[in-house]
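> Can you read through this structure? Questions will come right after.
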Amino acid sequence: QDTIPAHKFLTALKGTGLLTGDPRLKECMDTLKETLKESADGVTLDRHLFKKCVQSNIVLLTQAFRKKFVIPDFLPFTSHIDELYESAGKLTGGQVADYIPQLAKFSPDLWGVSLCTVDGQRHTVGDTKVPFCLQSCVKPLKYAVAVHDHGTEYVHSFIGKEPSGLRFNKLFLNEDDQPHNPMVNAGAIVCTSLIKQGAGQAEKFDYVMNFLKQMAGNEYVGFSNATFQSERESGDRNFAIGYYLKEKKCFPEGTDMTSVLDFYFQLCSIEVTCESASVMAATLANGGICPITGERVLSPEAVRNTLSLMHSCGMYDFSGQFAFHVGLPAKSGVAGGILLVVPNVMGIMCWSPPLDKLGNSVRGIQFCTVHLVELFNFHNYDNLRHFAKKYDPRREGGDQRQTRTPMDYESLQQELALKAPLWKKVCPTESNQDSSTTVVYRMDNVSSEVN
């Protein structure tokens, strides 16, 4: 075929999961717009013009069309996601948080799910462009910033790593007079005090906002001043925690506790959409590198620590249940968000304001626990040998990875239909191996022995 309609190219591109607005494809899309002006009918490209459009992004586009992305069959996968979304959307229970007046204004009918893979494949369904505040979903993100800047040892000289077994806003410390972990309010307040120590409030806020924008690939990250004011006016419990932490000398020396609380309320009031937050989650899934920009935002150490604590402490008093049933790192917030990470695969943001009695989104919990890991083998321990079959979207066709019984080399030869024995046991030293007890095999005369 000597010509291709531009809309067919764009439709095929969408089928791979790539968006035309992907920053990595900017040069290709800009060239396409200009090139169509040169074409005879304004809608069709010949071979020369098509090559001109794609040559700047040929590596990425080749990966996409040859199904080399982490989710090779993207459209069938997203159709499953849409079905899970519809099923969870039927739930009507839960209450919208009202202890922060600004949060109570959200409709209980809002429900959105967005995902972004480590290769930048995108899918959204529902109310994914509506801004909402991160609230507690910001806790792992600012902890990651603190570890990125200061390292694990310094941060955890102020904060523990253990689940507390108590409500997230309890006035309670561990036996070392430290907050139990960075995912409860006490730990998050101390973590806030570690960011950009000595800088002014405006500089600190801009610093974290810049980090979050980088994590989101420069997609929407905003700020709700109304929620910030509402948080500060209704934050008696957090002020009580702050004074308790000050009394127990939990802050770095010279810390202004009331300024830290202001900064804490500001970070809780940062706004995202499902779409931008899914890219943040994907940056964590991708080891700290934003999938849609290729930019390293966080150190591998910061990401590993963050995911570990999200896994053990991220879902309030439901953390153990979530780890058991879902087996993935996640963090919930009282605005209704659940930031979910499938390491090395994707990030997901579920958002629906009605909460259960533990403070987690009713629809979000249903989507993750009952639907997502029941269908897909995303649970951390699903891929053990001989585990019950689930759909594996990481493999073309969704097939479960094949398991084999142990075979000796003779049966392997028969399976490969080879004529004569090709494998010969040799000494480790002959193959430049470490002189250990390792048994080494070498294939000899392959070309002459094979049919």
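> If Trp351 satisfies every condition in (1) modelled with pLDDT of 95 or more; (2) aromatic (Phe, Trp, Tyr); (3) out of contact with any strand residue (DSSP E or B) (no Cβ under 9 Å at 6 or more places or on another chain) but one, which is the exception?
(3)
> Return the pairs, sorted by first residue and then second, in which the second residue is part of a helix (DSSP H, G or I), the first residue lies in the stretch 188-205 and is basic (Lys, Arg), the beta carbons are less than 7 Å apart, and the residues are 6+ apart or on different chains.
Close Cβ pairs satisfying both conditions: Lys196/Glu203; Lys196/Lys204; Lys196/Tyr207; Lys204/Phe263.
> Related question: Kindly check whether there is at least one residue in the stretch 122-137 that is under 30 Å from Arg24 (Cα atoms) and assigned to a helix (DSSP H, G or I). Give the derivation first.
Narrowing the stretch 122-137 to residues under 30 Å from Arg24 (Cα atoms): 122-134, 137.
Next, from what is left, pick out any that are assigned to a helix (DSSP H, G or I): 137.
Scanning the stretch 122-137, I find at least one residue that is under 30 Å from Arg24 (Cα atoms) and assigned to a helix (DSSP H, G or I), so the answer is yes.
> Sticking with this one: Sort out for me the strands (runs of 3 or more DSSP E) sitting completely within the stretch 311-397 that have 2 or more residues that are in the same structural domain as Val125 (by TED's automatic domain parsing) and in contact with a Pro (Cβ under 8 Å, 6 or more places away or on another chain). Step through it out loud before you land on a result.
Numbers: elements: 330-332, 337-342, 346-351.
Because the criterion is at least 2 residues that are in the same structural domain as Val125 (by TED's automatic domain parsing) and in contact with a Pro (Cβ under 8 Å, 6 or more places away or on another chain), the strands (runs of 3 or more DSSP E) in the stretch 311-397 that meet it are 337-342.
> Let me ask another. Kindly provide the set of residues from the stretch 328-356 that are surrounded by fewer than 24 Cβ atoms within 10 Å (Cβ to Cβ) and not aliphatic (A, V, I, L, M), ordered by number.
Within the stretch 328-356, Pro343, Asn344, Pro354, Asp356 qualify.
> Which one is surrounded by the fewest Cβ atoms within 10 Å (Cβ to Cβ) among residues in the stretch 142-163 that are in a loop (DSSP other than H, G, I, E, B) and touching an Asp or Glu at 6+ places or on another chain (Cβ under 9 Å)? Break it down into steps so the answer makes sense when it comes.
As a first pass, look at the stretch 142-163 and keep what is in a loop (DSSP other than H, G, I, E, B): 151, 156-163.
From what is left, the residues that are touching an Asp or Glu at 6+ places or on another chain (Cβ under 9 Å) are 151, 160.
Values: Gly151: 14, Gly160: 20.
Within the stretch 142-163, the match that is surrounded by the fewest Cβ atoms within 10 Å (Cβ to Cβ) is Gly151.
> For the stretch 164-208, what are the residues that are surrounded by 15 or more Cβ atoms within 10 Å (Cβ to Cβ), of a type in the set (S, T, N, Q) and not in a loop (DSSP other than H, G, I, E, B)?
Asn185, Thr192, Ser193
To keep it simple, each residue is scored yes or no on (1) within 26 Å of Lys213 (Cα to Cα); (2) at pLDDT below 90; (3) not aliphatic (A, V, I, L, M).
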| residue | (1), (2), (3) |
| --- | --- |
| Thr16 | yes, no, yes |
| Leu25 | yes, no, no |
| Met29 | yes, no, no |
| Lys37 | no, yes, yes |
| Asp41 | no, yes, yes |
| Asp46 | no, yes, yes |
| Phe50 | no, yes, yes |
| Ile58 | no, no, no |
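> Among the residues of the stretch 215-224, is there at least one that is surrounded by 22 or more Cβ atoms within 10 Å (Cβ to Cβ) and either in contact with a Lys or Arg (Cβ under 8 Å, 6 or more places away or on another chain) or at pLDDT below 95 (or both)?
Filtering the stretch 215-224 for residues surrounded by 22 or more Cβ atoms within 10 Å (Cβ to Cβ) gives 215-217, 221.
Among the residues that remain, those that are also either in contact with a Lys or Arg (Cβ under 8 Å, 6 or more places away or on another chain) or at pLDDT below 95 (or both) are: 221.
Yes: the stretch 215-224 contains one or more residues that are surrounded by 22 or more Cβ atoms within 10 Å (Cβ to Cβ) and either in contact with a Lys or Arg (Cβ under 8 Å, 6 or more places away or on another chain) or at pLDDT below 95 (or both).
> Just to confirm my filter: which helices (runs of 4 or more DSSP H) fall fully inside the stretch 21-102 and include at least 3 residues that are under 30 Å from Asp356 (Cα atoms), in the same structural domain as Thr293 (by TED's automatic domain parsing) and in contact (Cβ under 8 Å) with a residue 40 or more places away in the chain?
On the way: elements: 26-38, 47-54, 58-65, 74-89.
Because the criterion is at least 3 residues that are under 30 Å from Asp356 (Cα atoms), in the same structural domain as Thr293 (by TED's automatic domain parsing) and in contact (Cβ under 8 Å) with a residue 40 or more places away in the chain, the helices (runs of 4 or more DSSP H) in the stretch 21-102 that meet it are 74-89.
> Something else about it: Kindly list, by first and then second residue, each pair from a residue in the stretch 218-236 that is under 24 Å from Ser276 (Cα atoms) to a residue that is part of a helix (DSSP H, G or I) and of a type in the set (Phe, Trp, Tyr), limited to pairs with Cβ atoms under 8 Å and residues at least 6 apart or on different chains.
The qualifying pairs are Phe228/Phe265; Glu231/Phe265.
> What's the total number of residues in the stretch 266-291 that are crowded, with 21+ Cβ neighbours inside 10 Å and over 13 Å from the mean Cα position of the chain (by Cα)?
Summing the residues that are crowded, with 21+ Cβ neighbours inside 10 Å and over 13 Å from the mean Cα position of the chain (by Cα) in the stretch 266-291 gives 7.
> Just wondering, is there one or more residues in the stretch 313-328 that are under 20 Å from His123 (Cα atoms) and modelled with pLDDT of 95 or more? Break it down into steps so the answer makes sense when it comes.
The first filter runs over the stretch 313-328 and keeps only residues under 20 Å from His123 (Cα atoms), leaving 328.
When the remaining residues are screened for being modelled with pLDDT of 95 or more, the result is 328.
Checking the stretch 313-328: at least one residue is under 20 Å from His123 (Cα atoms) and modelled with pLDDT of 95 or more.
> Residue by residue through the stretch 68-92, note down the ones that are among the polar types (S, T, N, Q) and either within 13 Å of Ile348 (Cβ to Cβ) or touching a Leu at 6+ places or on another chain (Cβ under 6 Å) (or both).
Taking the stretch 68-92 first, the residues among the polar types (S, T, N, Q) are 78-79, 87, 92.
Selection gives Thr78 alone.
> Does the stretch 86-101 contain any residue that is crowded, with 20+ Cβ neighbours inside 10 Å and basic (Lys, Arg)?
For the stretch 86-101, residues crowded, with 20+ Cβ neighbours inside 10 Å and basic (Lys, Arg): absent.
> Could you please find all residues in the stretch 330-351 being under 20 Å from Glu231 (Cα atoms) and small (Gly, Ala, Ser)?
Ser332, Gly333, Ala335, Gly336, Gly337, listed by residue number.
The values are calculated or read from the model by the stated rules, or taken from the named source; none is laboratory data. Values in this document were obtained by computation on a predicted structure and should not be read as measured data. A quick note on method: Cβ atoms are made from the backbone with ideal geometry, for glycine too, and the neighbour counts reach across all protein chains shown.
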